[in-house]
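Encoded as structure tokens, the structure appears first; notes follow it.
Taken together, the values in this text are just the output of simple stated rules run on the coordinates, not laboratory data. What you see is a predicted model; the values in this text were computed from it and never measured. Cβ sites come from the backbone with ideal geometry, for glycine too, and all protein chains shown count toward neighbours.
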Amino acid sequence: MRRMERREIWRRLAALHREMAELFESLARASGAGDRAGGEPPPPAVDPPPREEGADGDFERRAVACLESLGITVIGEPQRWPAEVGFERLARLIANKYDNVVELVRRIRHAQATRGTVRLDLRDQRQDVIADVTLLCDLAHKAGLLTDYCYRRTPYRRLSAVPSPTPLAIRFFGGGWLELHVRRTLLDLLEARGAAVDRGAVFGARVRLPDGDEFELDAFAVVGDTRIWIEAKSGHDFVPEKYARIRRRLCRPSDHALLLWADHRGDDAIAAVRGAVADMTLCGLADFGARLRAILACREEDGGGDARPGPR
């Protein structure tokens with residue numbers, strides 16, 4: 001049995017190191033793009049994301065036009081991520097291995113707030129937890145999101161790391177990783193449906209509501225006449241009741257508005273109250289993709305469109 005366990009661990013480590021190699025190459029390509037003379041475009045990154053119909057063009061303008069038709073004004077430019085492919089891969093690693101790395105991510109956030117050092121004792125952890133935690137630290141260190149990192153394998157199995165105090169690092173570990181995961185998941189699903197239907201999406205847009213209140217939309221998409229709104233929360237410090245009023249304007253029915261809470265578990269009845277207060281569909285990382293696919297599948301079955309028109 002132990003021999004089989006070791007074989008599985010080595011297989012997983014080999015697969016994870018292949019992902020590391022692809023990540024480093026994509027980060028190197030992105031960082032080196034500005035050094036090319038004469039504005040020569042860089043070669044395509046390894047495993048490039050699907051084409052987004054011009055995120056700064058028609059694809060994004062379609063979503064912005066839909067917001068404006070609802071009386072909602074987009075203020076300034078939506079937030080962007082440099083070296084986007086590399087950040088998305090780090091975000092996908094956290095999302096896919098969340099239960100194994102959540103304690104590390106929380107410690108990093110705390111250390112960033114206190115300018116301290118992350119220290120983890122991994123002696124009592126499973127091998128897959130140790131593999132995922134050390135992989136994330138190794139990638140984050142090589143990407144510059146950790147300024148120092150050390151793992152003493154034997155005999156202590158102790159980890160120490162110093163998070164970078166740069167705004168990008170704080171933004172990423174402070175919840176940006178979850179927003180990037182939402183972005184890539186939504187874009188992948190929209191891309192899979194082809195260009196036959198009119199569609200668009202905008203991410204990290206600062207908007208002004210008709211009553212003058214300002215708000216940031218993590219993700220807003222329109223597919224035909226169907227509107228989808230997603231808010232991504234990686235911590236516990238959010239107030240759900242403010243979303244209900246916005247939801248009634250953005251999309252109907254309420255299951256087209258997803259409140260993705262990274263720490264949510266489907267059997268947590270008390271946490272589900274937050275979704276009811278927000279008048280949104282509460283989901284966790286495990287069922288987020290399925291919820292999105294269900295919305296798009298319902299749209300195709302119904303011929304598109306929200307159940308009722310939103311307020312103008």
Quick one: which residues, 5 or more positions from Asp198 or on another chain, have an amide H under 5 Å from its amide H? H modelled 1.01 Å from N in the peptide plane, none for Pro or chain starts.
Gly224
Cα-centred dipole magnitude for the stretch 136-182, charges only on beta-carbon of K, R (+1) and D, E (-1), debye, nearest 20
280
³J(HN,Hα) across the stretch 206-219 via Karplus (A = 6.51, B = -1.76, C = 1.60, θ = phi - 60°), whole Hz, x for Gly/Pro?
8, 10, 10, 7, x, 7, x, 5, 10, 7, 10, 8, 5, 7
Selection of chymotrypsin sites (Phe, Trp or Tyr not before Pro), the stretch 129-180, meeting DSSP coil and at most 13 other Cβ within 10 Å:
Tyr156
How high is the relative contact order of the stretch 158-269, given as a whole-number percent (alpha carbon pairs under 8 Å, six or more residues apart)?
20
Of the trypsin sites (Lys or Arg not before Pro) in the stretch 260-300, those whose Cβ has at most 15 other Cβ within 10 Å and which sit in DSSP loop
Arg265
Step by step: find N for the stretch 100-175, compute 2.2 N^0.38 Å, then divide the Cα radius of gyration by it. What's the final number?
1.02
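If we count other beta carbons within 10 Å of each Cβ, what is the order of Glu88, Glu214, fewest first?
On the way: Glu88 20, Glu214 10.
Fewest-to-most Cβ neighbours within 10 Å comes out as Glu214, Glu88.
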Whole-Å semi-axes of the stretch 75-209's equivalent ellipsoid (Cα gyration tensor):
32, 18, 11
When a footprinting reagent is the concern and you count Cβ atoms within 10 Å, what order do Glu231, Glu191, Glu60 take, fewest first?
Glu191, Glu60, Glu231
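Fewest first, what order do Arg157, Arg119 take by the number of other Cβ atoms within 10 Å?
Arg119, Arg157
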In whole Hz and in residue order, list the ³J(HN,Hα) couplings for the stretch 115-127 that follow from phi through the Karplus curve 6.51 cos²θ - 1.76 cosθ + 1.60, θ = phi - 60°; x for Gly and Pro.
6, x, 10, 7, 10, 10, 9, 9, 4, 9, 8, 5, 5
